[in-house]
1. Which of the residues spanning the range 98-114 are touching a Ser or Thr at 6+ places or on another chain (Cβ under 9 Å) and either farther than 20 Å from C23 by Cα or of a type in the set (D, E, K, R) (or both)?
2. Among (1) under 15 Å from H66 (Cβ atoms); (2) at pLDDT below 85, which single condition is S123 missing?
3. List the number of the failed condition for W50; all other conditions in (1) part of a loop (DSSP other than H, G, I, E, B); (2) of a type in the set (F, W, Y); (3) at pLDDT 85 or above hold.
4. From the set of residues in the range 56-110 that are among the aromatic types (F, W, Y) and in a helix (DSSP H, G or I), which is nearest to the chain's Cα centre (by Cα)?
Amino acid sequence: QDIDHSGYTKWEGGLHLNAAWKCGAFTPAGELTNRDCNEELPFICEKDIWSQWVQLPEQGSVYKLHREKLTWAEALEKCHSQQATLAVMNSDAEAEFVSKKVMKAVKSVHVGIHDMYFEAFYSTVE
C-alpha cells in the first residue's frame, strides 16, 4: 500500500532519504523505516478474517509473524499465497499492537509499503 493511504506516518528518526531503499519496514519501537527491497527480513502478513493468527481486538485484522527471512517481493508473494498481504499500519493502536504483540523480539520486519510512495516522494524533492 502507498504510505499516503496507510493512515500511519511515524518514521524512525524522520523519513530516510535513501532513494535506493524503496520498501517499507517496521521496528519494535512502532516506527516505519524504508529498507532495500532485496534485504532479507522476517515479515508480518495481515488478513481481514480470523484464523489461527493473532487478532487485534476491534480492528478486524489478524496478523502472523514469519521468522523466515525473505526479500520484500518474496514476503509479499508468501503472504498472497496465504490469502493475505503484508501488514500495513493504519493507526497508532494497530502499530502498538503489532510492535508489542506480534513482532516478539524481531528487530525489523517487512510491511506493505511499496516503492510507488518512495518514487513519488523522491521525484518531488529532486
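The values are calculated or read from the model by the stated rules, or taken from the named source; none is laboratory data. What you see is a predicted model, and the numbers here were worked out from it, not measured in a lab. Cβ: placed from backbone, ideal geometry, glycine included. Neighbour counts: every protein chain shown.
1. The one that is touching a Ser or Thr at 6+ places or on another chain (Cβ under 9 Å) and either farther than 20 Å from C23 by Cα or of a type in the set (D, E, K, R) (or both): K107.
2. Only one criterion in (1) under 15 Å from H66 (Cβ atoms); (2) at pLDDT below 85 is unmet by S123, namely (1).
3. So the condition that W50 fails would be (3).
4. To start, the set of residues in the range 56-110 that are among the aromatic types (F, W, Y) comprises 63, 72, 97.
Subsequent filtering for residues that are in a helix (DSSP H, G or I) retains 72, 97.
Values: W72: 10, F97: 13 Å.
Applying the filter and picking the extreme gives W72.
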